[in-house]
Amino acid sequence: MTTTGHHRAGVAALLVLALSAPLLSAAPASAAPTPGPPSRVAPANALALPDPTGPYAVGRRTLHLVDHHRTDPWVPSAGARELMVSVTYPSRPASGSPAPYMTTEEARLLVEARGLDGVVPPETVARTDTHEREGASPARGRFPLVLLSPGFSMPRATLTSIAEDLTSRGYVVASVDHAYESVGTAFPGGRVLTCAACERVETDEEWAEAVRGRAEDLSFVIDELMHGRGAGALSGAIDAGRIGAAGHSIGGAAAAATMARDRRVRAGADLDGDFFVSPAATGLGGRPFMMLGAEDSHSPEGTTSDWPDAWAHLRGWKRWLTVAGAGHFSFTDLPYLADQLGLPDAAVPLAAEQGWHITRDYVAAFFDRHLRGIPQPLLDGPAARYPEVVFRRP
């Protein structure tokens, strides 16, 4: 979901929040209407993602997966449920070809949805420099797998920097686009599927069904990566005993719901998303879970989110962390790219680069601790370099 702290909000309010703020970040629901976009046009080829911090080069394969046992819940006439998955993996250096951030048509739909036609050329977003090499040869070894699910209406590309950094540290990462849940996702055959779900999801139960549907998607992705023919040599690079899931907004809810239905997922993280399924965060047993979100919407005092309910149901290792000054999109690529275009969100005090560092380091520390058994003092209490991060109810 592209907003937090509004568990019962209708889809219209959610999409206004998600798509109306300057470029690639969102204002609070109570904010005044966003002023018109700037008149200048950003230069082409001006954007780059942050450098990964690990020792591995990053390879990528893009998979089109079809679950013939399920009909698409949003457009039943489309037939079987389809997913687009970007799988990044530790690779051998200097192999493969540069991988694009997204297609020009996907970028056009994203820019258009945010009201920036004529301000940011779609090509500028599409050509954002990544650190991935399409078809690169996998590095030797078996690595933990992390599944990533994006926010409602957002494409999987918006979590690329998290995927790249985790991969560089020694993870296989599967970033998933759920059909008809993004403003635009390119599928084979020249098809670009838009957000049919955005016109369908309004009630609490419909949001819960969307979360449960994503959980089925993520379990299917695990099946395909481990046993499907399309995964090829990648299946040999995955350690089936070390699987985690994370996501932004409704993608974080999907991570928890996937853990509840699939015991193969050993650890999960929610980046600024409500859980939507009631009672929240049940069925995880003693498996570890981390909630990392904006202070304004997910601090215990006065919150309208369902995080207090989730906290009460988490029985294993858990953390509830809030970030002062963060906005909803501070946990994605988007503010980092907006800064490069000179279009930061004035309603979000947290610097884009600091928001990226916080997201990168806490997500990596969480999975390093719980999928690789590496001690992580960062998760034990406040850190001087990140004074914005507050440990809630430890």
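Tabulated results
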quantity: Only one of Gly232, Gly213 that is at positive phi and surrounded by fewer than 24 Cβ atoms within 10 Å (Cβ to Cβ); calculated: Gly232
quantity: Counted residues, the stretch 361-394 - those being more than 23 Å from the chain's Cα centre (by Cα) and not in a helix (DSSP H, G or I); calculated: 12
quantity: Test for Ala269: is it out of contact with any Phe, Trp or Tyr (no Cβ under 8 Å at 6 or more places or on another chain), of a type in the set (A, V, I, L, M, F, W, C), within 25 Å of Asp296 (Cβ to Cβ) and modelled with pLDDT of 95 or more; calculated: no
quantity: Index of the failed condition, Met290 passing every other in (1) under 15 Å from Val265 (Cβ atoms); (2) in contact (Cβ under 8 Å) with a residue 60 or more places away in the chain; (3) out of contact with any strand residue (DSSP E or B) (no Cβ under 6 Å at 6 or more places or on another chain); calculated: (3)
quantity: Any hit, the stretch 304-316, residues being farther than 30 Å from Glu123 by Cα, in contact with an Asp or Glu (Cβ under 8 Å, 6 or more places away or on another chain) and surrounded by fewer than 18 Cβ atoms within 10 Å (Cβ to Cβ); calculated: no
quantity: Selection count, the stretch 306-321, where residues are closer than 14 Å to Arg393 by Cβ and in contact (Cβ under 8 Å) with a residue 60 or more places away in the chain; calculated: 4
quantity: Output for the stretch 259-281, where each listed residue is over 18 Å from the mean Cα position of the chain (by Cα), within 24 Å of Ala365 (Cβ to Cβ) and among the small types (Gly, Ala, Ser); calculated: Ala260, Ala280, Ala281
quantity: Sole residue being surrounded by 15 or more Cβ atoms within 10 Å (Cβ to Cβ), closer than 22 Å to Asp272 by Cβ, of a type in the set (A, V, I, L, M) and modelled with pLDDT under 95, chosen from Ala26, Ala46, Ala31, Ala12; calculated: Ala26
quantity: Residues that are in contact with a helix residue (DSSP H, G or I) (Cβ under 9 Å, 6 or more places away or on another chain) and acidic (Asp, Glu), drawn from the stretch 109-129; calculated: Glu112, Asp117, Glu123
quantity: Failed criterion for Leu350 (all others in (1) under 18 Å from Ser168 (Cα atoms); (2) free of Cβ contacts under 8 Å to residues at least 60 places away in the same chain; (3) hydrophobic (A, V, I, L, M, F, W, C) hold); calculated: (1)
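For every residue, the table says whether it meets (1) touching a residue at least 60 places away in the same chain (Cβ under 8 Å); (2) over 18 Å from Gly184 (Cβ atoms); (3) among the hydroxyl-bearing types (Ser, Thr, Tyr).
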| position | (1), (2), (3) |
| --- | --- |
| His69 | no, yes, no |
| Gly79 | no, yes, no |
| Ser91 | no, yes, yes |
| Arg114 | yes, no, no |
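The values are calculated or read from the model by the stated rules, or taken from the named source; none is laboratory data. This structure is a prediction, so every number in the text was calculated from the model and none was measured. Cβ atoms come from the backbone with ideal geometry, glycine included; neighbour counts cover every protein chain shown.
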